[in-house]
Amino acid sequence: MTLLDWCILWIPITVILGVAISTIKYNKSVVDYIAAGRCAGRYLLATAGGEAGSGAVTAIALFQMTTKTGFAFQFWAPLYSTIPILLGLIGWVSYRFRETRALSGGQFFEMRYSRAFRLFMGSVGFLSAMLAAGIGPAVGARFFVYYLHLPATTWIGGLGFSTWQLIALAYISVSVLLVLLGGSISVLISDCLEGMFSLVGYVIIIIALLMIFGWSHMIETLTTQPPGKSMVNPLDMKDTADFNIYFILISLFQCVWSPNIGASAAKDPHEQRMAGILGTWRGFGFALMRTLLAICALTYFQNPHFFEQSIDARAVWNSITDKGVHDQMQVPIAASYFLPWGVKGLFGAIMLMGLIAGAAMGNIGCGNAFIQDVVLPTRNYLKLPSMTPYRHMLYLRMAATGVAVYGFCWSSFYTQTQAIQLYWQVTAAVYGSGAGAVVIFGLYWKRGTAVAAWVTMIVGASVALTGISLQMTGHSFMFHGQDLLHGQYVSLITTICSVATYITISLLTCRAPFNMDRMLHRGQYAIVGEKKKVAPPFWQRFHPARIIGIDEEYTFWDRIIAFGIFGWIWGLFGVSMACLVWNFIHPWTTQSWVNYWFIFGLCIPLTGAVITTVWFTIGGTREIAVFLRSLRTEKRDDRDDGTVGPGHP
């Protein structure tokens, strides 16, 4: 690291944090702290959300996958994109959840089912989220230990400390500071600014990688893999460990049945929907950068052309005896040697920003869930008086700090043995598989019952925990060559059991339909001043635009964006399906697949990355100003604190 690299690493982060901390004056109520006053626009949400989801931990998880699959796995990306985009266009779950005006998933559960169920879901969800987030500090901090060539142990005053723990303590402290001072307002502002900086950085790093390695050397490395583990032919990867066709199909299914809900910071339901659509456009740069970095790391270690240059890097990588860490640090170690000055500091800044953004979002999210969905309903059960806004926010801050401390401690003692994404699938199954059915049917089916919700969650959590226990004790259950106790299969089985349970129990126990209009603030329950969604005439419901979710709330430019991404994704989907059929009739040669990836794996994503960088930088900058203006004039209601009952909106 040169002086320039260190400046690039620290100066932007310092400026961004300074701007974010200056927004603490707008944090005046519980809604401000939890949901940024419900004043955020689409570009602010899309850019901030994308940054929180593209930090060092996520990047390393995707590096692990790409170093095993190369470009081949990317062939199925249109399938991954098509379903979420279609769901985003129709506002699947997110639109209706925003209509409820719930500050948390727990508040929705109380509105739809019961207070006891809210408490139960809050406890299970909090446990699942804490388990999933617990590995983040270790993974993220170790990235910087190996990337910056730091010693494993740092001596201070004669005492030896693990270097990764000191780094984790430092960045976690920064994320906690953001949360304590400004809540979700500071987090949203900092994440958006970091996201705009990262968009520019993605393009610079992509160009640098192409100049260093060249397309020919990358392809030479990818095409020398053994049969069954091809990194360019998606139809020849049946022997690829973990990330194979079964992983793809299960993940697609989970896109629909594992919705992610939380406090909505959008100014209205339509903005929430548009943020989800725009978030897909933003992903071009990050996806291409992490793909090329992983492929370049493989090339650096395996291609004879770079044998002499990579001797030191291979020695460091091979010296790691922990299998889990060894697998995770392949790309960071390689990148620390082959990235040139300037670019090395830029990549480090992007990863550090993402790390802080993800930690801040995780701390405030888990902390809010604990207070809103465990403490708040418990106080209501005990008939304790309502908390003042000051005390309420104090508890929220204490909970976020506790989450951060837990994450640090869990990472210090837990030894990870499987890929990060598989670990996340297993921990998420405890809560997410059952919660998916409870949320979706609760929002869309008026005959869903509280009894069904209880039984579904108990069955789902039991199946998931049974699978995890059997897996941890070394058991296996083989079916057609696949171990059904593998993380992805445990998640799938849990989801299927949960859906079947909810439908069956609801049909058996429903006595009267639930009043959906009241929960969604429709009809006679509509809130004065908010847009009212009017059902279209029957014949208009079959219009092509309405079929894909485009309704009267879409402006002209909204329609351009929606039709653009719909056409883009379905166009890529059509190309993929055409290539698939073509290969079944007449299999392509390796060179044909190489040509395919040059166009669809490099040229098109790079063009998209450049366009979206300009687009989202302008949109994000404008919406930050609008967001701050809205916070200055927003009328606060201290009763709006997530409590369900008389005296609360």
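Each reported figure results from applying straightforward, stated rules to the coordinates on display, with no laboratory input. Quick caveat, the model's predicted, so the values are computed rather than measured. Cβ coordinates were reconstructed from backbone atoms using ideal geometry, including for glycine residues, and neighbour counts include every protein chain displayed.
Return the distance in nm (one decimal) between the two label points of a simple spin-label model at residue 447 and residue 524, each offset 7 Å from Cα along Cα→Cβ.
2.5 nm
What net charge is computed for the residues neighbouring residue 524, neighbours being all others with C-beta under 9 Å from the C-beta of residue 524, Lys and Arg scored +1, Asp and Glu -1?
Around residue 524, the charge tally is +1.
In what order do 384, 339 fall by count of nearby beta-carbon atoms within 10 Å, going from fewest to most?
384, 339
Find how many whole Å separate the alpha carbon centroid of region 109-126 from the alpha carbon centroid of region 328-403.
Result: 22 Å between the Cα centres.
Just to confirm my numbers, what's the Cα centroid distance between region 584-643 and region 62-78 in Å?
If we compute the Cα centre of each part, the gap is 20 Å.
How large is ³J(HN,Hα), in whole Hz, for each residue of region 444-458 in order, when computed from phi with the Karplus curve 6.51 cos²θ - 1.76 cosθ + 1.60 and θ = phi - 60°, using x for Gly and Pro?
Each residue's phi maps through the Karplus curve to give 10, 10, 6, 9, x, 10, 5, 4, 4, 5, 4, 5, 4, 5, 5 Hz.
Convert each backbone phi in region 309-317 into a coupling constant with the Karplus relation 6.51 cos²θ - 1.76 cosθ + 1.60 (shift: θ = phi - 60°), then list the ³J(HN,Hα) values in order as whole Hz, x for Gly and Pro.
Once rounded to whole Hz, the list reads 5, 9, 4, 5, 5, 5, 5, 5, 5.
Using the structure shown, list the pairs from 25/344; 68/323; 238/323; 28/267; 28/446; 238/344 with a Cα-Cα distance above 27 Å, or answer none.
Checking Cα-Cα distances, 25/344; 28/446; 238/344 exceed 27 Å.
Rg and Dmax of region 284-351 over Cα atoms: what are they, in angstrom?
Reported Rg and Dmax, both Å: 12.2, 35.
Rounded to two decimals, what is Rg over Rh for region 161-217 when you use alpha-carbon atoms and the Kirkwood radius?
Ratio value, two decimals: 1.21.
Using θ = phi - 60° and the Karplus form 6.51 cos²θ - 1.76 cosθ + 1.60, what ³J(HN,Hα) does each residue of region 3-20 get, whole Hz, x for Gly and Pro?
4, 4, 4, 5, 5, 5, 6, 9, 4, x, 5, 4, 5, 5, 5, x, 5, 5
Can you give the direction-averaged projected area of the convex hull of the alpha-carbon atoms in region 83-198, in nm²?
11.4 nm²
If each of residue 639 and residue 170 carries a label point 7 Å out from its Cα toward its Cβ, how far apart are those two points in nm?
If labels sit at residue 639 and residue 170, their model points lie 4.9 nm apart.
Which value in nm describes the separation of the simple spin-label points at residue 235 and residue 604, placed 7 Å from the Cα toward the beta carbon?
About 1.8 nm separates the two model spin labels.
Of the trypsin sites (Lys or Arg not before Pro) in region 341-420, which ones lie in a loop per DSSP and count no more than 15 other C-beta atoms within 10 Å?
Here the sparse-neighbourhood loop sites are 383.
Quick one: net charge around residue 357, please, counting Lys, Arg +1 and Asp, Glu -1 for every other residue with C-beta under 13 Å from its C-beta.
It works out to a net charge of -3.
If you take the square roots of the eigenvalues of the alpha-carbon gyration tensor of region 1-80 and sort them as a ≥ b ≥ c, do you get rounded (a/c under 1.5), prolate (a/b over b/c) or oblate?
The shape class here is oblate.
What is the packing order of peptides 302-313, 565-576, taking the mean over residues of other C-beta atoms within 10 Å and listing the highest first?
The most tightly packed comes first, giving 565-576, 302-313.
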